[in-house]
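Report on the structure given below.
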Amino acid sequence: MRTTYVAGNWKMNMDREGTVALVKELVAQLKNCKNKVMIAPPFVYLDLVSQLVKGTNILLGAQNCAATDNGAHTGEISVAMLKDLGVQVVILGHSERRYEFGECDELINMKVTRALAAGLDVIICIGELLAQREVGRAEKVCERQLNSALMGVSKEQLSHVTIAYEPVWAIGTGKTATPEDAQQIHSYARKVIAKMYDQEAADNIIIQYGGSMNVKNYKELLAQSDVDGGLIGGASLKAETFIPICNG
Ligand code: PEP
């Protein structure tokens, strides 16, 4: 039986005051939540949020990490620094990193292996562009991204990996994949994991859906047999839109 896992990706949003208010509300209102919940604030608020979620059931996530160790890499944040702040999870391969910042499959794999080796959990985002879906390549794109991101990741390490299927055309656009579209790719991704590892690994891996998930559509999406949670952008910025999804 897989746990339902809901993660909030704040992206480049919020300020100090809003961060404190939102996290305090989440801590108070989610203290009896039966599902796994993570929030990923911007790097600059990680230390603050770390102190607010310490000892609670809310996990602390980062939105990215460097592919290298500490050193002369201006503007980068290493996994050692994230761990130092109490970060437990890092989101990697997000489509905004892939397409806005040119992150390729190889770089994402370097980050995944480095984060796992350092003892962080990772959420690996995969997903096709609209043009790729329209020519029937959605499954193949996701398969390539999975094969590449997981290169060199052992079966033991895979228990620290969550996959987030995020069709790029659905992120921040208000367009959601239908529950059936999501189920189809989630089930395919599970088959890819079975091929790469084994059936046990495929049965155990958590696959979140991401792409305009909100209070109106989360129930139908989470009802799909291979949809194990959500990676939430816009709706994670307010307690009233995030908490219902967390409670599943
Ligand atoms: C995301 O950033 O991963 C995401 C799914 O964003 P949104 O929910 O805003 O579409």
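Looking at segment 1-20, which of the residues that are assigned to a helix (DSSP H, G or I) and surrounded by 12 or more Cβ atoms within 10 Å (Cβ to Cβ) is nearest to the chain's Cα centre (by Cα)? The extreme case among them is T19. Which pairs have Cβ atoms under 7 Å, sit 6 or more apart or on different chains, and link a residue in segment 84-104 that is more than 16 Å from the ligand (Cβ to nearest atom) to one that is polar (S, T, N, Q)? Taking only residues 6 or more apart or on different chains, the pairs are L85/S50; G86/S50. Against the test of being under 25 Å from N247 (Cα atoms) and modelled with pLDDT of 95 or more, the options M1, M38 yield a single qualifying residue, M38.
Of all residues in segment 94-108, those being in contact with an Asp or Glu (Cβ under 7 Å, 6 or more places away or on another chain) and closer than 11 Å to E166 by Cβ number 1. Contact map, segment 163-182: residues that are more than 14 Å from G8 (Cα to Cα) paired with residues that are within 10 Å of the ligand (Cβ to nearest atom) and open to solvent by 40 Å² or more (accessible area, probe 1.4 Å), Cβ distance under 6 Å, separation 6+ or inter-chain. Pairs shown: A170/T176. Every listed requirement among (1) farther than 19 Å from Y5 by Cβ; (2) at pLDDT 95 or above; (3) over 17 Å from the mean Cα position of the chain (by Cα) is met by Q145 save one, (3).
Of everything in segment 215-248 that is in contact with a helix residue (DSSP H, G or I) (Cβ under 6 Å, 6 or more places away or on another chain) and among the charged types (D, E, K, R), the residue that is nearest to the ligand (Cβ to nearest atom) is E220. In segment 170-208, the residue that is farthest from the ligand (Cβ to nearest atom) out of those that are outside any helix (DSSP H, G or I) and within 20 Å of E134 (Cβ to Cβ) is T178. Meeting the requirement of 1 or more residues that are open to solvent by 60 Å² or more (accessible area, probe 1.4 Å) and small (G, A, S), the helices (runs of 4 or more DSSP H) wholly within segment 61-160 are 105-117, 130-134.
The values are calculated or read from the model by the stated rules, or taken from the named source; none is laboratory data. Here the structure is a predicted model, which is why all the values come from computation and not from measurement. Heads up, the Cβs are rebuilt from the backbone with ideal geometry, glycines too, and the neighbour counts pull from every protein chain shown. These area figures cover heavy atoms from the full protein model, side chains too; ligands, DNA and RNA do not enter into them. Shrake-Rupley method; radii C 1.70, N 1.55, O 1.52, S 1.80 Å.
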